[in-house]
1. Answer yes or no: is there a residue in region 139-147 that is touching a residue at least 60 places away in the same chain (Cβ under 8 Å) and either under 21 Å from LEU207 (Cβ atoms) or of a type in the set (Val, Ile, Thr) (or both).
2. With (1) of a type in the set (Ser, Thr, Tyr); (2) touching a Leu at 6+ places or on another chain (Cβ under 9 Å); (3) surrounded by fewer than 16 Cβ atoms within 10 Å (Cβ to Cβ) as the list, and SER137 as the residue in question, which single condition is left unmet?
3. With the structure loaded, tell me whether PRO257 is modelled with pLDDT of 90 or more and farther than 21 Å from CYS189 by Cα or whether it fails that test.
4. Could you please give the count of residues in region 137-179 that are more than 19 Å from the chain's Cα centre (by Cα), among the small types (Gly, Ala, Ser) and in a helix (DSSP H, G or I)?
Amino acid sequence: MIDNNTQNLEAAPIILQANHLVKTYTQSSGRFGFGSTQIKALDDVSLSLKAGSTLAVVGESGSGKSTLARCLLQLHPFDSGEVLFEGKDLAKLEASSLRSMRKNLQMVFQDPFASLNPRMRVGEIVGEGLLIHGLGSASEQKNKVQQMLERVGLSGSDALKYPHQFSGGQRQRIGIARALVLQPKVVVCDEPVSALDVSVQAQILLLLKELQREMQLSYIFISHDLRVVRHIADEMVVMHKGRIVEQGNVVEIYNAPQQAYTQQLLSAIPGRKAA
C-alpha cells in the first residue's frame with residue numbers, strides 16, 4: 001500500500017485552479033442526423049490543486065473527467081469559466097506566453113502505446129519537448145533524456161529503441177519520462193494505469209509517488225478506479241454527468257461518502273464492505 005503524504009498540505013498554496021468551467025458539445029440527432037442535441041460535458045466545475053499534492057478526479061465513463069483534464073491544459077477550449085496557474089488566467093495569455101507556460105503543465109496519457117509515435121525512437125520522443133522549447137544544447141538534451149529514462153527505471157541505451165520493443169508498463173514509463181523531462185510543476189495523469197496489469201499498476205503508482213516527492217510535483221489524477229485513487233491521492237472530486245457531486249479528503253470520502261453516487265462507486269469495489 002502507498003501511504004498518502006498529507007503533511008503540510010493544508011498550508012500549501014494553490015498552484016492550479018478552475019473556476020466555473022462550462023464545456024458543451026453539439027451532437028447530431030434525429031432520423032437523418034439533421035437535428036442536434038447540446039451535451040454539457042462540464043457544468044459549472046470548480047476545483048483547486050494544492051502545490052505538492054495529488055487531486056483525484058473520479059467518475060464513470062462519460063462523467064466529464066477527461067474533458068476536464070484537457071480543458072485544464074488548454075488542449076480543449078471551454079465555453080466559459082477560467083483556469084488559473086499560479087494565479088495567471090491561461091485563457092488570457094498570448095500565444096507565446098502560453099507556449100512558454102506549457103512546459104510547466106504536462107500530461108501522462110491513458111494508452112502508453114497509442115500516445116507514442118511508433119516511427120520515432122524513444123530518445124526522440126522523450127526529448128521532443130526539450131527541442132520544442134529550445135532547452136539546452138543537443139548534447140545537454142541527450143544527457144537529460146538518458147538521465148530521465150534511467151530515473152523512471154529504464155536504461156539510457158533505451159533511447160535508441162522504438163516503442164514496440166517495450167512492454168506496456170515500460171511504455172508508460174517512457175510516457176512519464178516524456179512528461180517530466182521538462183521539469184513541470186503540474187502533471188495531469190489521465191487514467192495512467194488503467195491499461196496495465198494490476199502488478200504493473202502498483203509499480204507505476206509507486207514510481208509516480210517517488211517522482212512527486214523528488215521533483216515537488218503536483219498531480220491531477222484522472223481515474224474511474226477508486227482502489228487506485230485510495231492509494232495515491234490526497235484529495236478527490238467525484239464527477240457525474242459533467243458536475244462535481246462530492247469533494248474533499250480522499251480518506252474521509254472513502255470511509256464516509258456523503259452522496260449516493262459516491263456510495264454507488266465505492267460499493268462496486270470488489271471485496272469492499274458497504275459504509
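1. Going through region 139-147, the residues touching a residue at least 60 places away in the same chain (Cβ under 8 Å) turn out to be none.
Scanning region 139-147, I find no residue that is touching a residue at least 60 places away in the same chain (Cβ under 8 Å) and either under 21 Å from LEU207 (Cβ atoms) or of a type in the set (Val, Ile, Thr) (or both), so the answer is no.
2. Condition (2) is where SER137 drops out.
3. So PRO257 fits the description; yes.
4. Final tally of qualifying residues: 5.
The values are calculated or read from the model by the stated rules, or taken from the named source; none is laboratory data. Owing to the predicted nature of the structure, the values given are computational and were not obtained by experimental measurement. Cβ: placed from backbone, ideal geometry, glycine included. Neighbour counts: every protein chain shown.
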